[in-house]
Amino acid sequence: MASTFLEQTRSLHEDLERLERIIVKDYQQEAKGHKDKLLQSHRVRKRMDEMQHIARKLMRVYDDESEESRHRKEEIAALGASNPTAVYSKFYDRLKELREYHKRFPVLDISAAEDDSSMLNEEPKLDFSGEEGLGRYLDLHELHRAFTNAKFGRQCDYLEYLGALADFGSIERDKKLARPYRQYLQQLLEYLVSFYERTQPLAQLSKQLDKIKAETEEAFQQGQLPGWEDRGIGGPGDEAAEAAKQLSVDLETFDSVGELETMGAEQLKEKLSQLGLKCGGTLRQRAERLYALKGRSLEELDAKMFAKGKAVAALRSEQELQQTQQLALSVVSLEAQVARLAELLANVISDTKGRVEKKQAQTYEEMLAELEEAEGDAAADGDDEEEEEYVYNPLKLPLGWDGKPIPYWLYKLHGLNQEFKCEICGNYSYWGRRAFERHFKEWRHVNGMKALGIPNNKDFYEVTKIDDALSLWKNIQERNTGGFNPEMDEELEDAQGNVYSRKVYEDLKRQGLL
């Protein structure tokens, strides 16, 4: 029974299958509105978290080195017997356990446990502020105030701040390395991650951010990030450490101390003084002191080789250089993650800007009317006993936020009767010019371009045919590589001295005009 380890394992498998069945039934229900879809996603995410928890328990059970696996093997071994006579005793012992269990629980109704209706109708708590509108808009007012009041920020209105949310190029590097800027980026990243997880609970955001972070760190270490080619080096205390690194590279050309003596005593003295090393002694001693830096950093040298008071300064400059690079790496990593989230939430940011513009144009009476209408809709959604009315929609018009068809004039105004097909997206249809323009940054088009091996940038905007995209990509590659095209680049001259391209010259000659 439930007291045995095998029964507990069987119960875990049963719970896992039941959760899978509940998820399938939940998706079979039609989620009509934005709120219903959001609740459904949160329910499924909760079931998936429970399944992962159960799966981790089962993995420990079947792991050969775990304590649970040892108990399972011992219980399986106890079911058998070494001699035939002991088989019956084992059987009757198990039968006795079953009878005692049913005596303790004479009425065990499992129909309630198999009833999934309560879990299917469960409504998870949606944690959104009034400004966010159930995940339709962003609420960045506090971060906007922090940006405008900070030294690294500037005075701008909320609408302009939303438009330049991921634009970090205008901020000076010294201000980026300061603590207030890193704290601002951390708060912005935490809010965007929280908002995305609340609106897209089934998305695997952590994997995307980890990939972006790894790619950014690799590009930073290689000096390939725009604006960070020097990897954050450039502070006033970094000259000695940077000079040591440069000299260590230059010393690779010398194979012995004798070759280094050819530089001369004065030049050796100058190099040693730049590094804070002792510059006295004979020519041989100076060369040996400088040659000791080959393939090493200042931290690895003996403190006796430094001039008085210079050893601490040299080590400090080396440590300051490493700290500066670590700060720069953390800043560019945060910026890259915020930029990625801004790209994923591009539609939400656009809707937020539109809502801000609408509120700026509204009067006080219109705002009160909109608030009362929103409260009335919330009360209507809370009434579970009210039956849904049949919606008459013979023209198959799209449904608005209230679940009713939008007016026909609005349908024509936005061009929703116009169909745009994209061959790159698998001949997927987009209704309306706005949806068609948005889809170039959405996942379906991005994956289609990636499958063709073509970068999805502004050069391929409005390109929907596969042949057109491949032809354009070929032309761009030829233009970038400077390839020679004989038909267009080779020039020929006729008897009168007129110069033509080879293609035009052959066409005119074929027609007998030359």
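The values are calculated or read from the model by the stated rules, or taken from the named source; none is laboratory data. Keep in mind it's a predicted model, so treat the numbers as computed, not measured. All Cβ positions, glycine included, derive from the backbone under ideal geometry; neighbour counts span all protein chains shown. In case anyone asks, the SASA skips ligands and DNA or RNA and just uses the protein heavy atoms, side chains included. Shrake-Rupley method; radii C 1.70, N 1.55, O 1.52, S 1.80 Å.
Set the Förster distance to 51 Å, then compute FRET efficiency between W431 and D127 from the Cβ-Cβ distance, nearest 0.05.
0.95
Under 5 Å between amide hydrogens, which residues at least 5 positions from L277 or on another chain qualify, with H placed 1.01 Å from N in the peptide plane?
Correct list: A307.
Kindly report, to the nearest 10 Å², the accessible surface of D63 as traced by a 1.4 Å probe over protein heavy atoms only.
70
Sort 65-77, 419-431 for me by packing, meaning the mean count of neighbouring Cβ atoms within 10 Å per residue, highest on top.
Answer by packing, highest mean first, reads 419-431, 65-77.
Quick one: 3J(HN,Hα) in Hz for segment 409-419, Karplus 6.51/-1.76/1.60 with θ = phi - 60°, rounded, Gly and Pro as x.
Karplus-based 3J(HN,Hα) across segment 409-419 equals 5, 6, 4, 6, 5, 7, x, 6, 7, 8, 9 Hz.
Which residues' amide hydrogens lie under 5 Å from the amide hydrogen of K421, considering only partners 5 or more residues apart or on another chain, with H built in the peptide plane?
Y430
Rounded if a/c is under 1.5, else prolate if a/b is larger than b/c, else oblate: which is segment 408-481, with a ≥ b ≥ c the root eigenvalues of its Cα gyration tensor?
Note, shape of segment 408-481 comes out prolate.
Under 22 Å between alpha carbons, and skipping anything fewer than 8 positions from K175 in its own chain: which lysines qualify?
Within reach: K151, K213.
Which ³J(HN,Hα) values in Hz, rounded to whole numbers, follow from the phi angles of segment 25-30 under the Karplus curve 6.51 cos²θ - 1.76 cosθ + 1.60, where θ = phi - 60° and Gly and Pro get x?
5, 5, 6, 6, 6, 7
What accessible area, in Å² to the nearest ten, does a 1.4 Å probe give for W473?
Accessible area of W473: about 70 Å².
What does segment 133-203 give for Rg and for Dmax, in Å, if only its C-alpha atoms count?
13.2, 39
Filter K396/K421; K73/K96; K25/K46; K35/K404; K176/K359; K359/K458 down to the pairs with a C-alpha to C-alpha distance above 26 Å, please.
As for pairs spanning more than 26 Å Cα to Cα, those are K176/K359; K359/K458.
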